Amino acid sequence: MHAANLPPDALRERAAQRANYYERIGTRHMTPLWEVLGALVPTQPRSPVQAALWRYAELREQVIEAGRLITAEEAERRVLILENPALRGQSSITQSLYAGLQLILPGEVAPAHRHSQSALRLVLDGEGAYTAVDGERTTMRRGDFIITPAWTWHDHGNLGDQPVVWLDGLDIPIVRFLDAGFAEKSEQHSQVTQRPEGDALARYGANMVPVDYQPRPAEPTRVFVYPFERTRASLKAIAGGTPDAHHGHKLRYVNPATGASPMPTIGAFAQWLPRGFETRPYRCTDGTVVVCLEGEGEAKVGGQTWRFQENDIFVVPSWHALQLRADRDSLLFSFSDRPVQQALGLWRDERL
Ligand code: GTQ
């Protein structure tokens, strides 16, 4: 008999029986699927992640204050985690990704370690710092996209006279979800340099690779720095053409030896929006962190609208429509878990 046909006291009686049943099976660690099926198998993504924006002017002030409270050495990594407002306590900016703002003061070293988690850095502010990856240093310049793939040794240092701040993006929540994390501290505080600066870029990042190099399919690139001046030059060179209605002029960073993403778990993108250009709304299943490197404008995400300017950071949750408008020529960097979703056959997008 359908519930609609039951008299009210029969309905109450049945609800009480079910509640009693749920309680009894609950003591044996079972629970009824039919109460949660709609949430488990949604008709479309209903991300708990919240759209949010962090203004760099505020971020900088807070992270500089951290520089007075703890040294890089004591902290190991002096980082303020950007926590999604709906995921407080989880050290996550989206369900799958972590983001944080790292500060290194003149003379400091963030000691060498390695871990299963893959990391990217986007340099935001200050000059004179370096990151060393598996024995090679790279000077960090604003806008440089630097990677430290899983299990590569890395340390950071500041040889200059200014505080240096960058954005860290890691796949920490993915590795935690899989219970697959390992980490190790190096005996060397700073890695001994084994190759001159620029070696990896020359060998692997100039449309050539060493003659016997055969990368495995998901192997991260040996190119660990994508210099901003190259990215910017490419975007400027294509900016005269007709922009895509939903993306403007958008490129994805690749492992030049394979065409895949630089690291298997994180995809990264750079995009140029000419002054006055407004994108049509677009949504995709990869929750995305966006950083304004140049220009200013407005972002509409779901129902929210923000103005953004240089170094502001915002997060677009899965399947939320994004619309961007540039009020000056603007260059945006972004990263997401897209390669994971694509490898699993899950990724979808929609041009609205
Ligand atoms: O620079 O190695 O933001 O290990 C979080 C964990 C940075 C790093 C983070 C890390 C690092």
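The values are calculated or read from the model by the stated rules, or taken from the named source; none is laboratory data. Given the structure is predicted, the values throughout are model-derived calculations rather than measurements. Note: ideal-geometry Cβ built from the backbone for every residue, glycine included; neighbour counts use all protein chains shown. Side chains are part of the model used for accessible areas, which takes the heavy atoms of the whole protein and leaves out ligands, DNA and RNA. Shrake-Rupley method; radii C 1.70, N 1.55, O 1.52, S 1.80 Å.
Just checking, does the range 72-79 include any residue being out of contact with any Cys (no Cβ under 6 Å at 6 or more places or on another chain), surrounded by fewer than 14 Cβ atoms within 10 Å (Cβ to Cβ) and on the phi < 0 side of the Ramachandran plot?
yes
Residue under question is Glu219, and the condition is that it be touching a strand residue (DSSP E or B) at 6+ places or on another chain (Cβ under 6 Å) and either not in a helix (DSSP H, G or I) or not aliphatic (A, V, I, L, M) (or both); does it hold?
In short, no.
If you take the residues in the range 80-112 that are free of Cβ contacts under 8 Å to residues at least 40 places away in the same chain and open to solvent by 10 Å² or more (accessible area, probe 1.4 Å), which one is nearest to the ligand (Cβ to nearest atom)?
That would be Ile81.
Got at least one residue in the range 317-330 being touching a Phe, Trp or Tyr at 6+ places or on another chain (Cβ under 9 Å), open to solvent by 10 Å² or more (accessible area, probe 1.4 Å) and charged (D, E, K, R)?
yes
Which of (1) within 12 Å of the ligand (Cβ to nearest atom); (2) within 18 Å of Val165 (Cβ to Cβ); (3) assigned to a strand (DSSP E or B) does Arg77 not meet, given it meets every other one?
(3)
Would the range 185-206 turn up any residue that is of a type outside the set (Lys, Arg), within 12 Å of the ligand (Cβ to nearest atom) and not in a loop (DSSP other than H, G, I, E, B)?
no
Restricting attention to the range 38-74, which residues are part of a loop (DSSP other than H, G, I, E, B) and within 16 Å of the ligand (Cβ to nearest atom)?
Within the range 38-74, Ile70, Thr71 meet the criteria.
Which one is farthest from the ligand (Cβ to nearest atom), of the residues in the range 115-129 that are closer than 21 Å to Glu184 by Cα and in contact with a strand residue (DSSP E or B) (Cβ under 6 Å, 6 or more places away or on another chain)?
Only one residue fits best here, namely Leu120.
Suppose we filter the range 296-315 for residues that are open to solvent by less than 10 Å² (accessible area, probe 1.4 Å) and part of a strand (DSSP E or B); how many remain?
Qualifying residue count for the region: 7.
Taking the conditions exactly as written (more than 18 Å from Asp168 (Cα to Cα), without any contact (Cβ under 8 Å) to a residue 40 or more places away in the chain and surrounded by fewer than 18 Cβ atoms within 10 Å (Cβ to Cβ)), does Arg275 satisfy them or not?
It is false that Arg275 is more than 18 Å from Asp168 (Cα to Cα), without any contact (Cβ under 8 Å) to a residue 40 or more places away in the chain and surrounded by fewer than 18 Cβ atoms within 10 Å (Cβ to Cβ).
All but one of (1) within 18 Å of the chain's Cα centre (by Cα); (2) closer than 22 Å to Glu83 by Cβ; (3) not β-branched (Val, Ile, Thr) hold for Gly302; state the number of the condition that does not hold.
(1)
Restricting to the range 119-134, and then to whatever is of a type outside the set (Ser, Thr, Tyr) and in contact with a His (Cβ under 9 Å, 6 or more places away or on another chain), can you tell me which residue is farthest from Leu159 (Cα to Cα)?
Ranking the qualifying residues of the range 119-134, first place goes to Ala119.
In the set Gly241, Gly205, which member is over 21 Å from the mean Cα position of the chain (by Cα), at pLDDT 95 or above, crowded, with 19+ Cβ neighbours inside 10 Å and not hydrophobic (A, V, I, L, M, F, W, C)?
The conditions single out Gly205.
How many of the residues making up the range 127-148 are open to solvent by 20 Å² or more (accessible area, probe 1.4 Å) and of a type in the set (Val, Ile, Thr)?
1
Would you mind telling me which numbered condition in (1) open to solvent by less than 50 Å² (accessible area, probe 1.4 Å); (2) farther than 25 Å from Ala66 by Cα; (3) not hydroxyl-bearing (Ser, Thr, Tyr) Glu187 fails?
(1)
Just to be sure before I move on: is Pro256 part of a loop (DSSP other than H, G, I, E, B), in contact (Cβ under 8 Å) with a residue 60 or more places away in the chain and out of contact with any Lys or Arg (no Cβ under 9 Å at 6 or more places or on another chain) in the structure I sent?
It is false that Pro256 is part of a loop (DSSP other than H, G, I, E, B), in contact (Cβ under 8 Å) with a residue 60 or more places away in the chain and out of contact with any Lys or Arg (no Cβ under 9 Å at 6 or more places or on another chain).
Would you check which residues across the range 149-184 are surrounded by 20 or more Cβ atoms within 10 Å (Cβ to Cβ), within 11 Å of the ligand (Cβ to nearest atom) and within 16 Å of Val109 (Cβ to Cβ) and list them?
Within the range 149-184, His154, Asp155, His156, Trp166 qualify.
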